[in-house]
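Asks: Mind having a look at this structure? Questions to follow.
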Amino acid sequence: MRTTQFPLNTVKETPADAEIASHQLMIRAGLIRKLAAGLYSWLPLGLRVLRKVEKITREEMEKAGALEVLMPALQPAELWQETGRWEQYGPELARLKDRHDRDFCLGPTHEEIITDLARNELKSYKQLPITYYQVQTKFRDEIRPRFGVMRSREFIMKDAYSFHLNQDSLQLTYDVMYQAYSNIFNHLALKFRAVIADSGSIGGAISHEFHVLADSGEDAIAFSTVSDYAANVEKAEAVMPAGTRGAATADLALIDTPDQHSIEDISSFLNIPASLCLKTLIVKGEEDSLVALLLRGDHELNKIKAEKIDGVASPLEFAGEEDVIRVCNCKPGSIGPIGLTIHIIADRSVVLMSDFVCGANQDGKHYQGVNWERDLPVPVQIEDIRAVVEGDASPDGLGKLTLARGIEVGHIFQLGTKYSAAMKAGVINEGGKNQIMLMGCYGIGISRVVAAAIEQNHDNKGIIWPANLAPFQVALCPMNMHKSERLKAAAEQLYQDLLAAGIDVLFDDRKVRAGFMFSDMELIGIPHCIVLGDRGLDTGTVEYKSRTAQENEEIPAADIIAFLKAKLNG
RNA sequence: CGGGGCGUAGCGCAGCUUGGUAGCGCACUUGUCUGGGGGACAAGGGGUCGCAGGUUCAAAUCCUGUCGUCCCGACCA
């Protein structure tokens, strides 16, 4: 391709509304343009990258035995009502009516549609297992779209769905897809982790997320320093701490703590570590009840864990100030478990605390020297409700947990019969009886992968594409070609030779100065660059520069094709 | 949804306080010079100042409404 026929649309100025590196670079390099909040057009250069992600994804799906289909983005409400998600999904579901006033939505995902398709098309257990996939546009009316295509309202997703007669078969396909996903991200040369995940609104029991590691990631993930344990922090288990509770050494005392509300306030006011403070959170329970959650002061509540406990409202909701005053006789900031009459759920680490500080349920007062058994009963219900922190023991007993940020680019689930049962999707089994199928579902955010790849691979000059993602493999940059007929002839010849060799080359035949050309090629992240000049023509050499290298290399002109081929295959 | 910021040329911004008919940089067009790291000079083209009302002789500027967009928050015990 020639730059005179393939406009680059690069911009020097960083757009004002782009926060993170990948968003800024996607605009500056001319990959995307914003249409409206969370809606982006893909320019030719960006689309080439998007297509590469699709291509690699398709190849691995085909290898995994999945069959490509294409389902409508516009979906009738009836199917969503069958599974109950028409009500459950909330405002994120983009709903609309047709001219006959019938309800539709723009699909945020396709479980309902594929399940409908499967129940009509699959009749016999002999057709199972089977996996369908598609690459298609999804719509989610996000609360707050941001970071360009990272969290947008319309995006490209590869979604796959598998159907099975039994759990063993589901597990087998799940494992195959897990491997296929690992292959995809390896081919894309991205640093990633597969982590145990919460299945969220999609549902089901077992699930893994695939995260591209990047500091700007919206998710926190935890993984063991020595084993392969890795989990989303939402799901990472905080194990019961080792050791036993210390003996009581201090006397119980009621102390004045005027205007000291947060754990931070109290620990600095009393000059004690936060780990000696007890944090009491009042949350809504079931049927208008309230529940107290106890945490060690230096720990934070994990909402996802808490709302899964019976008796706690889901989604988790904190009690209002009026409710707190009603059950605690004090405002938030002085709440404690002593004398509290509502149900109490304590985090595992709480029961090992001794001589601790907690609110006294009187405004401006706390107790210190508090000890379980002596001053108040040990809570009956002890659960894992806190977020893990760096250095916690790994739940598999091997090593400690490290925390990192990740961008969720893939998510696989074992759905079980959640959708197939609701929609009565069954086949005739070996015994001639109808049997509900088990399902798995597997998604990759294709457009998000592009952003995540940039997030992980860029420098102050621009994007540094991994080989398999680059819009072009090689940039051909002649210096002042318009001034030299022989250089022009040599450049044209090399361009043709590169094309003939099957190398995807971008020939910069614009009449621009060298610096301008180099800056553009570096901004758009072409991995390999060939510089042609009159100097080299005299010596029979061309210059090669890798996107990541500081120095150029001189290569004999006759060897350049072989040299590049070696680079591209290596 | 709550709070805040911002809407002026394709992009980045100034002008608004104190109303008087719109400007700068980049980009774009043409020309000359330059020619290995986003060049210089010159001449150009491009904006009903988000939209709708209102105040005024006069509104980018003041007032009201509205739409768009971005950021923050939803962990306070």
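The values are calculated or read from the model by the stated rules, or taken from the named source; none is laboratory data. Being a predicted model, the structure only gives us computed values, none of them experimental. As a convention, Cβ positions derive from the backbone with ideal geometry for all residues, glycine included, and neighbour counts pool all protein chains shown. Heavy atoms of the whole protein, side chains included, go into the accessibility calculation; ligands, DNA and RNA do not. Shrake-Rupley method; radii C 1.70, N 1.55, O 1.52, S 1.80 Å.
Asks: Counting only C-alpha contacts under 8 Å and six or more residues apart, can you give the relative contact order of chain A as a whole percent?
Replies: 17 percent
Asks: Please give the peptides A:98-110, A:176-188, A:14-26, A:446-458 ranked by average Cβ packing (other Cβ atoms within 10 Å per residue), highest first, as a rough proxy for protection.
Replies: A:446-458, A:176-188, A:14-26, A:98-110
Asks: Further question on the same structure: Starting from the 7 Å offset along Cα-to-Cβ, what nm value, one decimal, do you get for the label separation of A:Glu551 and A:Val11?
Replies: Computed distance between label sites A:Glu551 and A:Val11 equals 3.9 nm.
Asks: Ok, one more. If you add up the charges near A:Glu286, with Lys and Arg at +1 and Asp and Glu at -1, over every other residue whose beta carbon is less than 14 angstrom from its beta carbon, what do you get? Present the calculation step by step, with values, prior to reporting the outcome.
Replies: Numbers: positive: A:Lys284, A:Lys308; negative: A:Glu287, A:Asp288, A:Glu307, A:Asp310, A:Glu317.
Counting the neighbours of A:Glu286, the net charge comes to -3.
Asks: Semi-axes of the equivalent ellipsoid of chain A: what are they in whole Å, largest first, if each equals the square root of 5 times a C-alpha gyration tensor eigenvalue?
Replies: 53, 33, 22
Asks: May I ask you to list the trypsin sites (Lys or Arg not before Pro) in the stretch A:1-86 that are in a DSSP loop and have at most 13 other Cβ atoms within 10 Å of their Cβ? Could the numbers behind the result be given before it?
Replies: On the way: sites: A:Arg2, A:Lys12, A:Arg28, A:Arg33, A:Lys34, A:Arg48, A:Arg51, A:Lys52, A:Lys55, A:Arg58, A:Lys63, A:Arg85; in loops: A:Lys12.
Here the trypsin sites (Lys or Arg not before Pro) that fit, given the DSSP loop and packing criteria, are A:Lys12.
Asks: Also: So which lysines pass the test for A:Lys365, namely a Cα distance under 26 Å, with those fewer than 8 places away in the same chain ruled out?
Replies: The reachable lysines, counting only those whose Cα sits under 26 Å from A:Lys365, are A:Lys279, A:Lys284, A:Lys331.
Asks: Which of the lysines could a cross-linker bridge to A:Lys461, judged by Cα under 27 Å and excluding same-chain residues fewer than eight apart?
Replies: Within the straight-line limit of under 27 Å, A:Lys461 reaches these lysines: A:Lys12, A:Lys34, A:Lys52, A:Lys191, A:Lys511, A:Lys545, A:Lys565, A:Lys567.
Asks: Right, here's the next one. Within 15 Å, Cβ to Cβ, of A:Gln260, how many net charges do the neighbouring residues add up to if Lys/Arg are +1 and Asp/Glu are -1?
Replies: Working: positive: A:Lys279, A:Lys331, A:Lys365; negative: A:Asp256, A:Asp259, A:Glu264, A:Asp265, A:Asp363.
It works out to a net charge of -2.
Asks: Could I ask something else about it? Any idea what diffusion coefficient the stretch A:154-242 gets from Stokes-Einstein, in µm²/s, Kirkwood Rh on alpha carbon pairs, 25 °C, 0.890 mPa s?
Replies: Stokes-Einstein gives a translational diffusion coefficient of 164 µm²/s.
Asks: Just to confirm a number: summing +1 for Lys and Arg and -1 for Asp and Glu over residues other than A:Lys400 whose beta-carbon lies under 11 angstrom from that of A:Lys400, what do you get?
Replies: -2
Asks: Moving on. Roughly how many nanometres apart are two label points built 7 Å out from the Cα toward the Cβ at A:Asn569 and A:Asp198?
Replies: The answer from the label model is 4.9 nm.
Asks: Now for a separate question. What part of the accessible area of chain A, given as a whole %, is carbon or sulfur when the probe is 1.4 angstrom?
Replies: Whole-percent figure for carbon plus sulfur exposure: 51.
Asks: Just from its helices, what would the mean residue ellipticity at 222 nm be for chain A, if runs of 4 or more DSSP H residues each count -39500 (n - 2.57) and the sum is divided by every residue, rounded to the nearest 500 deg cm²/dmol?
Replies: Helix-only estimate at 222 nm: -7500 deg cm²/dmol.
Asks: Moving on to the next point. Can you grab the distance from the C-alpha centre of the stretch A:1-80 to the C-alpha centre of the stretch A:135-207, Å, no decimals?
Replies: What the calculation gives is 17 Å, centre to centre.
Asks: Under 1.5 on a/c is rounded, so check that first for the stretch A:129-287, then, if it is not, pick prolate when a/b is larger than b/c and oblate when it is not; a ≥ b ≥ c are the square roots of the alpha carbon gyration tensor eigenvalues.
Replies: prolate
Asks: Can you run phi through the Karplus equation (6.51, -1.76, 1.60; θ = phi - 60°) for the stretch A:404-419 and list ³J(HN,Hα) in whole Hz, with x for Gly and Pro?
Replies: 8, 9, x, 9, 6, 10, x, 8, 10, 9, 9, 7, x, 9, 3, 8
Asks: Roughly how many Å is it from the Cα centre of the stretch A:252-282 to that of the stretch A:552-566, as a whole number?
Replies: 69 Å
Asks: For chain A, what is the accessible area per residue in Å² when the probe is 1.4 Å?
Replies: On a per-residue basis, 46 Å².
Asks: Here's a follow-up. Name the residues whose placed amide hydrogens come within less than 5 Å of the amide hydrogen of A:Leu415, ignoring near sequence neighbours (fewer than 5 apart) on the same chain.
Replies: Here the answer is A:Met439, A:Gly440, A:Cys441, since their amide H atoms fall under 5 Å of that of A:Leu415.
Asks: Calculate one ³J(HN,Hα) per residue across the stretch A:539-552 by plugging θ = phi - 60° into the Karplus curve 6.51 cos²θ - 1.76 cosθ + 1.60, and present them in order as whole Hz with x for glycine and proline.
Replies: Per-residue couplings from phi come out as 9, x, 10, 10, 9, 10, 9, 7, 4, 9, 8, 7, 9, 7 Hz.
Asks: Relative to the present Cα-Cα distance, how much length would full extension add between A:Lys400 and A:Ala242 at 0.36 nm per residue of separation? Walk me through the intermediate numbers first.
Replies: Working: separation 158, 0.36 × 158 = 56.88 nm, distance 1.31 nm.
Length difference between fully extended and current span is 55.6 nm.
Asks: With θ set to phi - 60°, apply the Karplus curve 6.51 cos²θ - 1.76 cosθ + 1.60 along the stretch A:289-296 and write out the HN-Hα couplings as whole Hz, x wherever there is a Gly or Pro.
Replies: 7, 10, 10, 9, 10, 10, 9, 5
Asks: For the stretch A:38-178, what does the alpha-carbon gyration tensor say about shape, rounded, prolate or oblate, given a ≥ b ≥ c as the root eigenvalues, a/c under 1.5 as rounded, and a/b over b/c as prolate?
Replies: Oblate.
Asks: Moving to a separate point now. Pop a pseudo-label 7 angstrom from the Cα along the beta-carbon direction at both A:Glu430 and A:Ile342 and give the gap in nm to one decimal.
Replies: Result: 5.4 nm between the two label points.
Asks: Assign one of three labels to the stretch A:436-570, namely rounded, prolate or oblate, based on the Cα gyration tensor with a ≥ b ≥ c the square roots of its eigenvalues; rounded applies when a/c is under 1.5, prolate when it is not and a/b is larger than b/c, and oblate otherwise.
Replies: Judged from the Cα gyration tensor, the stretch A:436-570 comes out prolate (a/c at least 1.5, a/b above b/c).
Asks: Right, here's the next one. Report, ordered by chain and residue number, the lysines lying within cross-link reach of A:Lys97, taken as a straight Cα distance under 19 Å and ignoring same-chain residues fewer than 8 apart.
Replies: A:Lys138
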